[in-house]
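One structure is given here, and the rest of the page talks about it.
The values are calculated or read from the model by the stated rules, or taken from the named source; none is laboratory data. Since we're looking at a predicted model, the values are computed, not measured. Note: ideal-geometry Cβ built from the backbone for every residue, glycine included; neighbour counts use all protein chains shown.
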Amino acid sequence: MPWHYWVLRKFATAEPPEEWEKILYKLKGFLPTKYINKIEVASFSIRGKRIARWQLGKEHAEYSTKQDALGAAKRLTWLLLKSKNAPSIFN
């Protein structure tokens, strides 16, 4: 499955982390698209650009490894699901 967010799907020349694809498959069952898009953009791409963080030079302030970006996506997902009025994962 390619990137969920259309900007990343269209412009990023990098594949998402494999584990994210597995997580994404489950999230799509109960999490609204707009939240998944926000998580992907915040975790995997740099502000104002359509490039994956791990494609930047290591000296760039927003560079991260693919694994670190995946960790950020997991953390944002967890925070969203723990927030008040969040979609239930037990539907």
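A search for C-beta distances below 6 Å between a residue of region 47-58 that is in contact (Cβ under 8 Å) with a residue 40 or more places away in the chain and any residue that is surrounded by 10 or more Cβ atoms within 10 Å (Cβ to Cβ), counting only pairs 6+ apart in sequence or on different chains, returns 50/7; 50/11; 52/12; 52/14; 52/44; 54/65; 54/66; 55/14.
Residues in region 36-85 that are farther than 20 Å from residue 18 by Cβ and touching a Leu at 6+ places or on another chain (Cβ under 6 Å): 63 only. If you go through region 16-44 and keep only what is touching a Lys or Arg at 6+ places or on another chain (Cβ under 9 Å) and charged (D, E, K, R), you end up with just 19. Name the single residue, out of those in region 9-27 being farther than 20 Å from residue 65 by Cβ and modelled with pLDDT of 85 or more, that is surrounded by the most Cβ atoms within 10 Å (Cβ to Cβ). Only one residue tops the list, namely 27. Can you find a residue in region 1-8 that is surrounded by 14 or more Cβ atoms within 10 Å (Cβ to Cβ), part of a helix (DSSP H, G or I) and at pLDDT below 85? Yes; the residues of region 1-8 include at least one that is surrounded by 14 or more Cβ atoms within 10 Å (Cβ to Cβ), part of a helix (DSSP H, G or I) and at pLDDT below 85. Answer with yes or no whether residue 48 is small (Gly, Ala, Ser), surrounded by fewer than 16 Cβ atoms within 10 Å (Cβ to Cβ) and assigned to a helix (DSSP H, G or I). No.
Among the residues of region 73-88, is any in a loop (DSSP other than H, G, I, E, B) and either touching a Gly at 6+ places or on another chain (Cβ under 8 Å) or surrounded by 11 or more Cβ atoms within 10 Å (Cβ to Cβ) (or both)? Yes, some residue in region 73-88 is in a loop (DSSP other than H, G, I, E, B) and either touching a Gly at 6+ places or on another chain (Cβ under 8 Å) or surrounded by 11 or more Cβ atoms within 10 Å (Cβ to Cβ) (or both).
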